[in-house]
1. Which of the residues spanning the stretch 87-124 are hydroxyl-bearing (Ser, Thr, Tyr) and surrounded by 20 or more Cβ atoms within 10 Å (Cβ to Cβ)?
2. Just checking, which of Val138, Val180, Val163 is within 21 Å of Lys234 (Cβ to Cβ) and either under 19 Å from the mean Cα position of the chain (by Cα) or among the aliphatic types (A, V, I, L, M) (or both)?
3. I want to confirm something. Restricting to the stretch 95-153 and keeping residues that are of a type in the set (D, E, K, R) and under 26 Å from Gly51 (Cβ atoms), which single residue is modelled with the lowest pLDDT?
4. Ala62: touching a strand residue (DSSP E or B) at 6+ places or on another chain (Cβ under 8 Å), crowded, with 17+ Cβ neighbours inside 10 Å and assigned to a helix (DSSP H, G or I), yes or no?
5. Of the residues that sit in the stretch 50-103 and are touching a residue at least 60 places away in the same chain (Cβ under 8 Å) and among the hydrophobic types (A, V, I, L, M, F, W, C), which one is nearest to Lys165 (Cα to Cα)?
6. If you check Tyr242 against the conditions, is it assigned to a loop (DSSP other than H, G, I, E, B), aromatic (Phe, Trp, Tyr) and either in contact with a Phe, Trp or Tyr (Cβ under 7 Å, 6 or more places away or on another chain) or without any contact (Cβ under 8 Å) to a residue 40 or more places away in the chain (or both)?
7. In the stretch 65-75, how many residues are assigned to a loop (DSSP other than H, G, I, E, B) and either out of contact with any Leu (no Cβ under 8 Å at 6 or more places or on another chain) or under 18 Å from Asn128 (Cβ atoms) (or both)?
8. Looking at Ser57, Ser88, Ser34, which one is in contact with a Ser or Thr (Cβ under 6 Å, 6 or more places away or on another chain) and either small (Gly, Ala, Ser) or not in a loop (DSSP other than H, G, I, E, B) (or both)?
Amino acid sequence: MIKFSATLLATLIAASVNAATVDLRIMETTDLHSNMMDFDYYKDTATEKFGLVRTASLINDARNEVKNSVLVDNGDLIQGSPLADYISAKGLKAGDVHPVYKALNTLDYTVGTLGNHEFNYGLDYLKNALAGAKFPYVNANVIDARTKQPMFTPYLIKDTEVVDKDGKKQTLKIGYIGVVPPQIMGWDKANLSGKVTVNDITETVRKYVPEMREKGADVVVVLAHSGLSADPYKVMAENSVYYLSEIPGVNAIMFGHAHAVFPGKDFADIEGADIVSKGLISRKAR
């Protein structure tokens, strides 16, 4: 049985592995939008409001608080700041490393996924950018229009060495799957039409989770570049996190996209969401 709760910047999972109990903190960055420095280029002044250079200290603090942790990025990384605009105008050749990855590569990320803004500059630019990451990427619902197969690695299962509550080393098989809003087909039609199709977020995850479990995943983590909404379920929904939480076999969901603070009062009307202390929907884990 997997139990989960949340802390600032992280999700804490207590997992039973070979009759041992392991606490695992899953840390996430999302919607960085190429804001690497604590500097507002539009106002030409330093700022304390954003910048990975500041977030990095929070990541280090969160890591030092626990024995076991992993760090993931949830997308919308390569677009959204003057730095991103400059690099896109300059162009990325094969072998070039985008400045955002020069920064992220120093922080020991485990895996990343794509946000909708990753597609703003076209697929070739995206391919060259991702090549600079020293960590793998997963996305399961963007499909190559020619081959009808996933354009990216849909999921991965990573053997992760952890220390249980008795101080013994264990190996936890953590599965990661990524999804992006289907609306990218409209938002970036010029870049994507005829090249890719996009499947529904919820049904994509529902399809792959049993396969991930069959391949040995002890824990399944969904990296959903999607928001949390209580709207009735509909196919191809943009904000699907609530419905992902109902899929058997999903243990944790790392989400973003909406630029909202969760937990928080904005989510008070969503049934099952603990807006005081939990970082995830309070549902029985499966």
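The values are calculated or read from the model by the stated rules, or taken from the named source; none is laboratory data. What you see is a predicted model; the values in this text were computed from it and never measured. Here the Cβ positions follow ideal geometry from the backbone for every residue, glycine too, while neighbour counts run over all protein chains shown.
1. Tyr101, Tyr109, Thr113, Tyr121
2. Exactly one residue qualifies, and that residue is Val180.
3. Looking at residues that are of a type in the set (D, E, K, R) and under 26 Å from Gly51 (Cβ atoms), I get Asp96.
4. Here the answer is yes, as Ala62 does meet what is asked.
5. Val70
6. When the stated conditions are applied, Tyr242 does not pass them.
7. 3
8. Step by step, each of Ser57, Ser88, Ser34 is checked, and only Ser34 is in contact with a Ser or Thr (Cβ under 6 Å, 6 or more places away or on another chain) and either small (Gly, Ala, Ser) or not in a loop (DSSP other than H, G, I, E, B) (or both).
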